[in-house]
Ligand code: COA
């Protein structure tokens, strides 16, 4: 049977590939479940420090939820559709968003619907010049269901997001960059190396500090500033007794004199 999420591991960075190229990597239930299994295994593997997520084939990162499959759930009624389709997709994007190790989308082509929602949910994203984004659910007479009505307005601002959500019109990687959906746009051939370089700039820092930043920023964004500051405080308190922080502070104190200038 075809592996839906092949994984390659290189020096602490796991490359996961959404692998249904003949269906533009549409997010079938089985593919989502396999991605969740991969994340569960990665989370407890100390040898893996970061994840890059990309799409197989020449055309797509992902064209979104598998319409043929979820149409079947919808035909069985609201309870089925919410349980099998909506809850599964929302759980996936929430897991990516709150994952304790950095997750970087390497958007290699079409990122429509759920493909765009994955890009919204992950911590960082690099887009190929060939990427193309869209929130096309409105054309199917439905709202997005994997968090797209919630995360895009938070990222891009309400009016910019509503224009994309209400028109369903595709948009360019440069527009994705302008609205804060991706961190950078690179030539297609440089996509994976750019994502890898970004991952390595992060994983040179200790895992506890990286996880604390992700948790504080991700949880805090959905809270009031006072509650967010409590999350930040708790994350620091968790690290305060750990060797990782003592070592980081000691290394700074004993650094060579010119290290401060060279960074
Ligand atoms: N779900 C299931 N299958 C999908 C899919 C999706 N979201 N997106 C594409 N596919 C399948 C097509 O059915 C086709 O398979 P087939 O050859 O077995 O029929 C294959 O992927 C190629 O897609 P096709 O539509 O022929 O390519 P295209 O270049 O003409 O169009 C898109 C590309 C992205 C514009 C078009 O596929 C599309 O609109 N997809 C749906 C996007 C969407 O609405 N996503 C949100 C879902 S909630």
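Just so it is clear, none of the values below were taken in a lab; they were calculated from the coordinates. Bear in mind that the values here come from a model prediction, so they are computed numbers and not experimental data. For neighbour counting, all protein chains shown are included, and Cβ atoms are generated from backbone atoms with ideal geometry for every residue, glycine included.
Assuming a viscosity of 1.306 mPa s and a temperature of 10 °C, what translational diffusion coefficient in µm² per second does Stokes-Einstein assign to the range 63-209, Rh being the Kirkwood radius over Cα pairs?
100
Relative contact order of the chain, please, whole-number percent, based on alpha carbon pairs below 8 angstrom and at least 6 residues apart.
Here the relative contact order equals 15 percent.
Sort 112, 29 so the one with the fewest other Cβ atoms within 10 Å of its own Cβ comes first.
The fewest-first ordering by Cβ neighbours comes to 29, 112.
Compute the FRET efficiency between residue 69 and residue 209 as 1/(1 + (r/R0)^6), taking r as their Cβ-Cβ distance and R0 = 41 Å, and round to the nearest 0.05.
It comes to 0.50.
Suppose R0 equals 30 Å. What FRET efficiency, 1/(1 + (r/R0)^6) with r the Cβ-Cβ distance, do residue 155 and residue 59 give to the nearest 0.05?
According to the calculation, E is roughly 0.75.
Per 5 Å bin from zero, what fraction in whole % of the C-alpha pairs of the range 123-263 is there, up to the bin with the longest pair?
Binned Cα distances yield the sequence 2, 8, 12, 14, 14, 16, 13, 10, 6, 3, 2, 1, 0.
Rounded to the nearest whole Å³, what is the per residue volume of the convex hull around the Cα atoms of the range 15-124?
86
For the chain, max minus min Cα coordinate along each principal axis, in Å, sorted largest first?
65, 42, 36
State the extension gain, in nm to one decimal, for the chain segment bounded by residue 9 and residue 222, taking 0.36 nm per residue of separation less the distance between their alpha-carbons.
Once the chain is fully extended between residue 9 and residue 222, it gains 73.4 nm.
Once you sort the root eigenvalues of the Cα gyration tensor of the range 178-254 as a ≥ b ≥ c, which label holds: rounded (a/c under 1.5), prolate (a/b larger than b/c) or oblate (the other case)?
oblate
Contour minus end-to-end for residue 188 and residue 167, with contour as 0.36 nm per residue of separation and end-to-end as the Cα-Cα distance?
Gain on stretching residue 188 to residue 167: 4.8 nm.
Between the range 1-55 and the range 143-174, how many Å separate their Cα centres?
25
Among 139, 159, which comes first, then next, by fewest other beta-carbon atoms within 10 Å?
Exposure proxy ranking, most exposed first: 159, 139.
Using Cβ counts within 10 Å as a stand-in for footprinting exposure, how do 249, 15, 239, 96 rank, fewest first?
249, 239, 15, 96
In the chain, what percentage of the DSSP-assigned beta bridges are antiparallel, given to the nearest 5?
If I count the DSSP bridges inside the chain, around 20 percent turn out antiparallel.
How big is Rg to Rh over the range 117-167, alpha-carbon atoms, Rh as the Kirkwood inverse-mean-distance radius?
Rounded to two decimals, Rg/Rh equals 0.96.
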